[in-house]
């Protein structure tokens, strides 16, 4: 691709730098992990929803999808250093598969809304991740147990991460251009 304007070039550099920073934030959020069962508590959904709101639905989902693909290909970017084929099929795979979707959902619902709208968007995206991840988990265990270990312990955290995320978006003015 050849750029004809300096503005186009600087925009591409800004987008590339933002994508690289988002990738790093996603990876760092994975390594803030507390093993509490088959699904560890992490800061991943906070990072995923922030990336979506910050970069926008398309770019956010693309960066998150590339990050998930990097983990599935063997880079230890997931919680507890997990990566590779085991992560594709393991108990957390459903959550990982949901991440590009929830980045887009958070961005789409948040728009350029105020702190309450961003909070609601992030909470809806977090809850969607719990639904998708728990459904995946239920394929390998009793559905009631899947809910008790894959969703119930994470609802309060989803609420808190959505509060923190909305405050960070507001404070940093992280809205993607629409």
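Every number in this text was worked out from the coordinates using simple rules, so none of it is lab data. It should be emphasised that the depicted structure is a prediction, and the values quoted were computed from it without experimental measurement. Please note: Cβ atoms are built from the backbone with ideal geometry, for glycine as well, and neighbour counts cover all protein chains shown.
For this structure, a couple of remarks:
- Degrees separating the helix 44-55 axis from the principal Cα axis of the chain, which is the longest one: 20
- Rounded, prolate or oblate (a/c below 1.5 giving rounded, otherwise prolate when a/b exceeds b/c) for the stretch 37-153 by Cα gyration tensor: oblate
- Between 0 and 90°, nearest 10: helix 57-72 axis offset from the chain longest Cα axis: 50
- When only Cα pairs below 8 angstrom with a gap of at least 6 residues are kept, the chain shows a relative contact order of 23 percent.
- On the beta carbon distance between residue 147 and residue 75, with R0 = 30 Å, the FRET formula returns roughly 0.45.
- Ellipticity estimate at 222 nm from DSSP helix runs (n ≥ 4, -39,500 (n - 2.57)) divided over the chain, nearest 500: -23500 deg cm²/dmol
- Exposure proxy order (Cβ contacts within 10 Å, fewest to most) of 142, 8: 142, 8
- Folded to 0 to 90 degrees: helix 115-138 orientation relative to the chain principal axis, Cα: 40
- Efficiency of FRET from Cβ geometry, residue 65 and residue 36, R₀ 25 Å, rounded to 0.05: 0.40
- A simple packing score, the average count of other Cβ atoms within 10 Å per residue, orders the peptides 51-57, 38-44 as 51-57, 38-44, with the highest score first.
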